[in-house]
Amino acid sequence: MHTTVISLRLDAIGKPCFNIPRAKIEESFYSDLIRVNGERVAKKSYEVRVDDVIDYIKGLNGEDRSKLDITRVQILSVDDKAASSGRIRMSFRKTNGLTVDNYARDPYEGAL
């Protein structure tokens, strides 16, 4: 998929990549529901790079509580030249409805 974004900040790419409002991305960040390359990110202003894998945790899997249901986005390319409107062009791959093992480091222990 292709889109344009204002910046490569984690909270700015959430809306076009995950199709959820920026406020919801911020709320999810503070609830530890967003991981970059399998790790928690210290700041929502983290700038994503090509080949970063961003996971949005939707919750624990209903059938196997040791697994997570996620939506995953992988950044494929970023056009260094800004579009005519000053926005940055990027390509990404999105996988909906993915079930993965719970993260070994800092496991998700939310109330979902």
Sum of side-chain charges, T3 neighbourhood, beta-carbon under 10 Å (Lys, Arg +1; Asp, Glu -1): +3
Within the set K44/K67; K15/K67; K24/K44; K15/K43; K24/K67, which residue pairs have Cα atoms separated by over 19 Å? K44/K67; K15/K67; K24/K67
Identify which of S28, S85, S66 has the largest mean-square fluctuation in a Gaussian network model of the chain, with springs joining Cα atoms closer than 10 Å. S85
Defining a contact as two alpha carbons under 8 Å apart and six or more residues distant in sequence, what relative contact order in percent does the chain show? 27
Estimated [θ] at 222 nm from DSSP helical runs (n ≥ 4, -39500 (n - 2.57)) normalised by residues in the chain, nearest 500: -4500 deg cm²/dmol
For segment 23-103, one quarter of the surface area of the C-alpha convex hull, expressed in nm², comes to 6.0
Counting GluC sites (Glu not before Pro) as exposed when in a DSSP loop with at most 14 other beta carbons within 10 Å, what is the longest stretch of the chain free of them? 1-62
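None of the figures in this text is laboratory data; all of them are computed from the coordinates on show. Worth saying up front: this structure is predicted, and the values here are computed from it rather than measured. In this analysis, Cβ positions are derived from the backbone assuming ideal geometry, glycine residues included, and neighbour counts consider all displayed protein chains.
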